Amino acid sequence: MALLSVAPLAPRWCVHKSLVTSSKVKVVRRTMSTSIRMCQITTVSGEGVQRRIANHHSNLWDDNFIQSLSTPYGAISYHESAQKLIGEVKEMINSISVKDGELITPSNDLLMRLSIVDSIERLGIDRHFKSEIKSALDYVYSYWNEKGIGWGRDSVVADLNSTALGLRTLRLHGYPVSSDVLQHFKEQKGQFACSAIQTEGEIRSVLNLFRASQIAFPGEKVMEEAEVFSTKYLKEAILKLPVCGLSREISYVLEYGWHINLPRLEARNYIDVFGQDPIYLTPNMKTQKLLELAKLEFNMFHSLQQQELKLLSRWWKDSGFSQMTFPRHRHVEYYTLASCIDSEPQHSSFRLGFAKIFHLATVLDDIYDTFGTMDELELFTAAVKRWHPSATEWLPEYMKGVYMVLYETVNEMAGEAEKSQGRDTLNYARNALEAYIDASMEEAKWIFSGFLPTFEEYLDNGKVSFGYTIGTLQPILTLGIPFPHHILQEIDFPSRLNDVACSILRLKGDVHTYQAERSRGEESSCISCYMEENPESTEEDAINHINSMVDKLLKELNWEYLRPDSNVPITSKKHAFDILRAFYHLYKYRDGYSVANYEIKNLVMTTVIEPVPL
């Protein structure tokens, strides 16, 4: 169904001057009509309706370009080569698991097992070696004690590198390990010990200490201390290192940490690191096979990405979105995020569903925040709750097309989910969608009335209007992982995991979007609401407070995701957690939703458009 094309005329700017007398300070902060507001008003041709538009940049990925993409890596010969390499790597892992030898001995077998697991996971090929990874980690955990572990099972003294890497890896796989083991690597003054001369071995130990510190739970002071120490140490070390695999690895880890890191982006980077650093390429261990397999896997999935991206781009074009000028067109960027967190070939429905749902949510966001009139928004809200094609009868033309694409996409995904879950899940999706629409409507009322809510009111509503829940729910139900009702309650609304994730994204998003949104008349944000309740605070104070909230919430998120006492396996929570990481990645430098022509464009090129050289 084609959507209405809206061609804006020359804009007219309107500026309302602020009332600044002391007796009216409260009024100035509580009502948008008395604050400085820059709003672009456009009269739509043929309608005579004045609308607000945000002037977002256009789609960066032309459908003709997407359809022209080609790659040879879908050929059967590459799949045959990959299968052969998988067998050889399995043989290598099994050989170090069942016997000691020249390279694997009782004095280094723990660290070697952890290193192989770590490399396999960072190269993005771990899906082929689930049982081997579990066997290796079970072995390491059997030697874990209150002081950590040494290089090998016969080691008398615990080693920082082995212990830090073990703490991180075991915790991520659900083993109950305490961060107290790190206390044993402090000197008498309570500081982490390091030598006057930074050796490569020590640098690697501190690098793994930093990586472990990112998986902190609430109240783990030693992990906070480890992060502060390791960050300072690594920033100093990288200044002295030549350009090499180790320096590149440190740069990447400091840049992305864990919560901003994306598995496919890490694999692309680590392929270069792994091939550049001789320490990883021990011929007798056949670790070169890991690198060969990682490159093949990256490029074979690259072939599948192109096929899926062509389907998505055609959906976007055929649905009429390409004719719409006012919303953000980010379907390719959303697909990129989905494929960066899940590269399982059989999960096409997840990736395409993720991209479609979040693209639709973005279009709805732009309608409710800027383009739609209040009367139109009320009609659309009622239509969503009615959930029937006949509801379009009362909608304006441009909304009719949006409504029908939304209706068809949600129903189609519910059909995919029913194949996976064995039951109808449409009501889950509709409930989440209605909550999202209601929250968006509430924000629209604030914008049109000039009302500034309290910080708590804003955050409670903003957690829903961000759209994390509607964008997460339906895609994960297509994965083939059983999600009975009790598990959905633990990972989706109203679970604590969902609540924390939504809070983080709303808070972090506002830090990067509030200035642009305020310039077009959207006064309500975490920053403005905080400053309203704390009249002496500055914007910098508000941002610092919100960043502090996010830091605490990230530790709580870690706990909700990895807690050993949970009845829900980590595998069932993984995609919900990784979707948060994907959107958190968007906000690292700026509002990556609205400004996608810098870092996010590079992400698309690096992880979707370009193969890795073999």
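With respect to the conditions (1) in contact (Cβ under 8 Å) with a residue 40 or more places away in the chain; (2) out of contact with any Pro (no Cβ under 8 Å at 6 or more places or on another chain); (3) buried (at least 20 other Cβ atoms within 10 Å of the Cβ), ILE527 lacks only one, and its number is (1). In the stretch 487-506, the count of residues that are of a type in the set (Val, Ile, Thr) and more than 20 Å from LYS552 (Cα to Cα) is one or more.
Beta carbons closer than 8 Å, at least 6 apart along the sequence or on distinct chains, pair a first residue in the stretch 399-413 that is in the same structural domain as THR362 (by the TED database) with a second that is in a helix (DSSP H, G or I) and among the hydroxyl-bearing types (Ser, Thr, Tyr) for MET399/THR392; LYS400/THR392; TYR403/THR392; MET404/THR392; MET413/SER349. Taking the stated definitions as given, is LEU265 of a type in the set (A, V, I, L, M, F, W, C) and closer than 27 Å to ILE341 by Cα? Answer is yes for this residue.
Provide a single number: the residues in the stretch 531-567 that are within 28 Å of SER213 (Cβ to Cβ), in a helix (DSSP H, G or I) and not charged (D, E, K, R). Matching residues across the stretch 531-567 total 16. Tell me yes or no: at least one residue of the stretch 49-59 is outside any loop (DSSP other than H, G, I, E, B), modelled with pLDDT of 90 or more and not assigned by the TED database to the domain that holds GLY592. The answer is no; no qualifying residue exists.
When the stretch 486-522 is filtered for residues that are more than 21 Å from ASN547 (Cβ to Cβ), open to solvent by 20 Å² or more (accessible area, probe 1.4 Å) and of a type outside the set (Lys, Arg), the ones remaining, listed by number, are HIS486, GLN489, GLU490, PHE493, PRO494, SER519.
Within the option set GLY471, GLY480, GLY401, being in contact with a His (Cβ under 9 Å, 6 or more places away or on another chain) and either open to solvent by 50 Å² or more (accessible area, probe 1.4 Å) or assigned to a helix (DSSP H, G or I) (or both) holds for one residue only, GLY480. Is it fair to say LEU337 is of a type in the set (A, V, I, L, M) and within 22 Å of the chain's Cα centre (by Cα)? Yes; evaluated as a whole, the condition is true for this residue. Output yes when any residue across the stretch 175-185 is touching a residue at least 40 places away in the same chain (Cβ under 8 Å), surrounded by fewer than 16 Cβ atoms within 10 Å (Cβ to Cβ) and more than 29 Å from THR606 (Cβ to Cβ), and no when none is. Checked against the condition, which is being touching a residue at least 40 places away in the same chain (Cβ under 8 Å), surrounded by fewer than 16 Cβ atoms within 10 Å (Cβ to Cβ) and more than 29 Å from THR606 (Cβ to Cβ), the stretch 175-185 yields at least one hit. Within the stretch 184-204, the set of residues being more than 18 Å from PRO242 (Cα to Cα) and small (Gly, Ala, Ser) comprises GLY190, ALA193, SER195, ALA196. For the stretch 219-247, the set of residues classified as outside any helix (DSSP H, G or I), aliphatic (A, V, I, L, M) and touching a residue at least 24 places away in the same chain (Cβ under 8 Å) consists of LEU241 only. Assessment of the stretch 443-454 against the conditions (open to solvent by 20 Å² or more (accessible area, probe 1.4 Å) and of a type in the set (Ser, Thr, Tyr)) yields at least one matching residue.
Scanning the stretch 248-262 for residues that are buried (at least 20 other Cβ atoms within 10 Å of the Cβ) and in a helix (DSSP H, G or I) returns GLU249, ILE250, VAL253. Restricting ASP109, ASP100 to those that are open to solvent by less than 10 Å² (accessible area, probe 1.4 Å) and either at pLDDT below 95 or of a type in the set (D, E, K, R) (or both) reduces the list to ASP109. Residue count for the stretch 592-614, restricted to those that are open to solvent by 20 Å² or more (accessible area, probe 1.4 Å) and either over 24 Å from LEU123 (Cβ atoms) or touching a strand residue (DSSP E or B) at 6+ places or on another chain (Cβ under 9 Å) (or both): 5.
Taken as a whole, the condition of being closer than 28 Å to LYS221 by Cβ, touching a Phe, Trp or Tyr at 6+ places or on another chain (Cβ under 6 Å), part of a loop (DSSP other than H, G, I, E, B) and open to solvent by 20 Å² or more (accessible area, probe 1.4 Å) does not apply to TYR141.
The values are calculated or read from the model by the stated rules, or taken from the named source; none is laboratory data. Nothing here was measured: the structure is a model prediction, and the numbers come from that model. We place every Cβ from the backbone using ideal geometry, glycine too, and count neighbours over all the protein chains shown. Side chains included, ligands, DNA and RNA excluded: accessible areas come from the protein's heavy atoms. Shrake-Rupley method; radii C 1.70, N 1.55, O 1.52, S 1.80 Å.
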